[in-house]
Amino acid sequence: FASYYGDHMVLQKEPAGAVVWGYGEPGATVTVVLSEDSGLIVMKKTVRVKGPSGTWTTVLDPMDRGGPYALTAGQGSENVTLRDVYFGDVWLCSGQSNMAMTVLQIANATRELADAARYPYVRVFAVAPARSDVELEDLERIDLPWSIPTAENLGHGNFTYFSAVCWLLGRYLYEALGYPVGLVEAAWGGTPIEAWSSRRALRACGLPEDAGSSKLAFCTPLSPALASGISQHRRLSGPQTPSVLWNAMIHPLLNMTLQGVAWYQGEANTFLHTDLYNCTFPALIADWRRAFHAGSAGQTQPLLPFGFVQLSTYRRQSPDDSFARLRWHQTADLGVVPNARMPGTFMAVAMDLCDERSPYGRRDKQNVAHRLQLGARAVAYGEKDLVFQGPYPTRAVLEVTRGLLNLTYSQELVCRQRDTRAFEVCCSTPCGWLPAPVVAVGSRTVTLALAGCGTLVLALRYAWAEWPCEYQSCALYNTRGLPAPPFL
């Protein structure tokens, strides 16, 4: 078997067929048998080993959720058996440090770790950090083989495994679905999106693909303050070379049949190619979808559900608006997802989950995962009438004589904070942004005062700052406690 198969694993359930592959003697016949604990054979597949790669691949018949099963691959008198195998939904979790943060590092860690034993059917697997200049067919190393969750393997160490966001997402999905969930983590802190992108995806955005370069080129010269900030905050502590993480940590997984992807990355790109993220992120999503669909012999669906976390906060007083721009670019400059450029996606807004006293990042990963699983249930599982995102403006009407701007929102509003700088307007070219104070909030409407703006309003923005509000206290939420996303 390939290195990511093992005891305790979860394979993707029906309607898809799980792909199984491994190594053998070129030209030999491999027999793959799935059997129940009693020994009853459920299915048998035979496949020939290809030369010169020495690999074989087969697609299992679609299986209903459940288990346990034994999976055996045999060649001649030799065979390998994997035990305690279940069928359920398999999710891949990837990104940088906010995805790599372990359960040990988050709020209420002691309780969360103690709860691990209550979820033996949420299985976990962690890819070891690795880089390569060429696309690998199998993983070089793994940090955590397929495992039943324990306090030890969920809290191994700082940023080492297992991902808190991934674990909590899987746990919440298990509670909602009631059947096994398999979680695969492939994350590395301080890494830009370019390192996770294939050369094809980089070409689509006009970026260089020189895998021999030591780091990505910056679009514009860095100011001394920004260069100092990168050094001080170790934002780019991981590999920056284009495609090296795609090659070593994602490409080897392409044969897996997946239910969905969860992504938490972007901080590194507030310093690198920030204003290309509205291309590089949609391009990565589209490329991963094509690659996983092809690699799984068409079993992973072409529109693979893809969820992501919008950037949270970092510095209270920021010298620029790179975080705000990156948040906007995470939606392909359309504000909400799914949208025409990013179909089949869902987003967890996190700008109100700031954590000023944390030594290593935002520790409230429970709310992040809760918001992600709402999107997963709506987009990936098609739950009807499930509210999974906050309110967004659908109309703006200018009352010139009264100097007011009336916004209509998509959902009923809850105003938690009358922040005088939550909304800003642009009344000149180039933009000099002015506060537009909230003067009234109705059930679905917000009225803004445009003092000093006259009759010309060129643009409006909301929550356009690296630290736009205090903990769970942004200006606007819906009645379910989901924050209104920022917009421009």
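Points to keep in mind about this one:
- The relative contact order of segment 1-101, computed from alpha carbon pairs under 8 Å that lie at least 6 residues apart in sequence, is 34 percent.
- By the rule of a C-alpha distance below 20 Å, with chain neighbours fewer than 8 residues away ignored, the aspartates and glutamates paired with Lys13 are Glu36, Asp37, Asp61, Asp64, Asp84, Asp89, Glu175, Glu185, Glu383.
- Surface exposure of segment 10-87, expressed per residue as accessible area with a 1.4 Å probe, stands at 49 Å².
- Order of exposure, largest accessible area first, which applies to Ile41, Ile148, Ile193 with probe 1.4 Å: Ile41, Ile148, Ile193
- Förster-model FRET efficiency, 22 Å R0, Asn108 and Glu470, C-beta, rounded to 0.05: 0.65
- Linear extension gain, Thr429 paired with Tyr360, 0.36 nm per residue minus alpha-carbon span: 20.9 nm
- Protein heavy-atom surface of segment 60-218, 1.4 angstrom probe: 48% of the accessible area is carbon and sulfur, with nucleic acids and ligands not counted.
- Placing unit charges on the Cβ atoms only, positive for Lys and Arg and negative for Asp and Glu, gives the chain a dipole magnitude near 900 debye about its Cα centre.
- For segment 242-258, the residues whose amide N sits under 14 Å from a probe point set 7 Å from the Cα of Ser53 along the beta carbon direction are 251-256.
- Asn406 paired with Ser318, simple spin-label distance in nm, labels 7 Å along Cα-to-beta-carbon: 3.3
- With a 1.4 Å probe rolled over the protein heavy atoms of all chains, the accessible area of Thr191, Thr150, Thr479, Thr55 falls in the order Thr479, Thr150, Thr55, Thr191, largest first.
- Helix 365-375 axis, angle to the chain major axis (alpha carbon atoms, nearest 10°): 80
- Rounded to the nearest 10 Å², the accessible area of Thr401 at probe 1.4 Å: 140
- Average accessible surface for segment 229-361: 29 Å² per residue, computed with a 1.4 Å probe over protein heavy atoms with every protein chain in place.
- Selection from Phe125, Leu82, Ala107, by position along the positive dipole direction of the chain (Cβ): Ala107
- Theoretical gain in end-to-end length, Ala340 to Asp275 [0.36 nm per residue, Cα-Cα removed]: 21.5 nm
- Sequence of Leu334, Leu404 from largest to smallest accessible area, 1.4 Å probe: Leu334, Leu404
- Applying a DSSP loop filter and a limit of 15 other Cβ atoms within 10 Å to the GluC sites (Glu not before Pro) in segment 325-405 leaves Glu356, Glu383.
- Correct option for Cα extents along the principal axes in Å [calculated from the coordinates] among (1) 85, 55, 38; (2) 67, 51, 39; (3) 87, 47, 40: (3)
- Relative contact order [Cα under 8 Å, 6+ residues apart], segment 393-478, whole percent: 34
- Bridge type composition, the chain - antiparallel percent by DSSP, nearest 5: 70
- Selection from Ala291, Trp21, Thr58 lying farthest towards where the dipole of the chain points positive, charges on Cβ: Ala291
- Solvent exposure of Asp352, expressed as accessible area, is near 0 Å², computed with a probe of 1.4 Å over the protein chains only.
- Rounded, prolate or oblate (a/c below 1.5 giving rounded, otherwise prolate when a/b exceeds b/c) for segment 26-132 by Cα gyration tensor: oblate
- Measuring only protein heavy atoms, the 1.4 Å probe finds Glu135 accessible over about 80 Å².
- Look at the alpha carbon pairs under 8 Å that are at least 6 residues apart: their mean separation over the length of segment 50-167 gives a relative contact order of 26 percent.
- Between the beta carbons of Val397 and Arg200, assuming R0 = 30 Å, the FRET efficiency works out to 0.10 to the nearest 0.05.
- Among Tyr314, Pro192, Asn98 - extreme Cα towards positive end, dipole of the chain, charges at beta-carbon: Tyr314
- Looking at segment 393-478, the accessible area is 49 square angstrom per residue; that uses a 1.4 Å probe and ignores ligands, DNA and RNA.
- Whole-percent carbon and sulfur share, accessible surface of segment 393-478, 1.4 Å: 54
- Compared with the dominant principal axis of the Cα atoms in the chain, helix 277-295 is inclined by about 20°.
- When the square roots of the Cα gyration tensor eigenvalues are ordered a ≥ b ≥ c, the ratio a/c for segment 438-484 is 1.5 or more and a/b does not exceed b/c, which makes its shape oblate.
The values are calculated or read from the model by the stated rules, or taken from the named source; none is laboratory data. None of these values were measured; they are calculated from a predicted model. Here Cβ is always computed from backbone atoms with ideal geometry, including for glycine, and neighbour counts include all displayed protein chains. We work out accessible area using only protein heavy atoms, side chains counted, and drop any ligands, DNA or RNA first. Shrake-Rupley method; radii C 1.70, N 1.55, O 1.52, S 1.80 Å.
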